[in-house]
Amino acid sequence: MAAAVAVIVLAAGRGSRFAGPGHKLEQPFDRSTVLGTTLRNVVRSALPVVVVTTARLATLAADHLASRDVVVIPEADGSSPEPLGMGYSIAVGVSARAQAGGWLVLPGDMPLVRPDSLHAVADALADHPAAYAQHRGRRGHPVAFSAELYSELVLLSGDEGARRLLARYPARAVEVDDPGVLADVDTVADLERLDGPRARADLAPADPLGAG
């Protein structure tokens, strides 16, 4: 049996654009927090998961995952000798799930990505080295990489992210009926726009049978 694709949740960024009190991932959201809701949806997918975070947010992550699924890295404040950033976090997450059949990369500030969207992108790795979610033609998250790219993923560092790999390898765009793949919480305005029953109703998938 092929190894399952694992989800790497990135939760180590400083969130500097968020001007409200506290870290953006700690903000209340849908009876939980922004990070908590993101993790809840990943857990519901039943895919293996690891969250890469900092000591500040580790307790929050541990409220939703086993301690073995929480990897703590230093704050990206310039005090670490490591070139921290998104690329570094991805490399750490891939290393922590080295035996996975591939990896989905999902930012922790995307609490509306649905479990079925995660599966749709993961399934695309059966025939493509990379894939990403899109909604109505707009690229979103998660981004996925097959196991054959392991040696390149673990060498990522700093803020390099994975754009270079997406540019180098043919990536499959997976169209999903899920506006949540485009919705992230960067600012207070984003939080106010995305939280609440009315906002989530606006982001719900369309009824394939129509309104009646």
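Residue pairs whose Cβ atoms lie under 9 Å apart, separated by 6 or more positions or on different chains, with the first residue in region 121-139 and free of Cβ contacts under 8 Å to residues at least 60 places away in the same chain and the second polar (S, T, N, Q), are ALA126/SER146; HIS128/SER146; PRO129/SER146; ALA130/SER146; ALA131/SER146; ALA133/SER117; HIS135/SER117. Of all residues in region 108-120, none are at pLDDT below 95, within 22 Å of VAL42 (Cβ to Cβ) and either of a type in the set (Phe, Trp, Tyr) or in a loop (DSSP other than H, G, I, E, B) (or both).
Contact map, region 105-117: residues that are closer than 11 Å to VAL7 by Cα paired with residues that are of a type outside the set (S, T, N, Q) and part of a loop (DSSP other than H, G, I, E, B), Cβ distance under 7 Å, separation 6+ or inter-chain. Pairs shown: VAL105/ALA162; LEU106/VAL113; PRO107/ASP184.
When VAL185, VAL176 are checked against the criterion of being closer than 20 Å to ALA131 by Cα, at pLDDT 95 or above, in contact with a helix residue (DSSP H, G or I) (Cβ under 7 Å, 6 or more places away or on another chain) and crowded, with 18+ Cβ neighbours inside 10 Å, VAL176 stands alone in meeting it. Within region 6-25, residues that are in contact (Cβ under 8 Å) with a residue 24 or more places away in the chain reach partners that are part of a helix (DSSP H, G or I) and basic (Lys, Arg) with beta carbons closer than 6 Å, at six or more positions or on different chains, in the pairs GLY15/LYS24; PHE18/LYS24. Here GLY36, GLY85, GLY20, GLY93 are screened, and the one residue that is more than 17 Å from PRO142 (Cβ to Cβ) and under 13 Å from the mean Cα position of the chain (by Cα) is GLY36. Within region 80-104, take every residue that is among the hydroxyl-bearing types (Ser, Thr, Tyr) and farther than 18 Å from ALA3 by Cβ and give me the one that is modelled with the lowest pLDDT. Going through the qualifying residues, I end up with SER80.
The values are calculated or read from the model by the stated rules, or taken from the named source; none is laboratory data. Just so it is clear, the model here is predicted, and its values are computed rather than measured. Cβ atoms come from the backbone with ideal geometry, glycine included; neighbour counts cover every protein chain shown.
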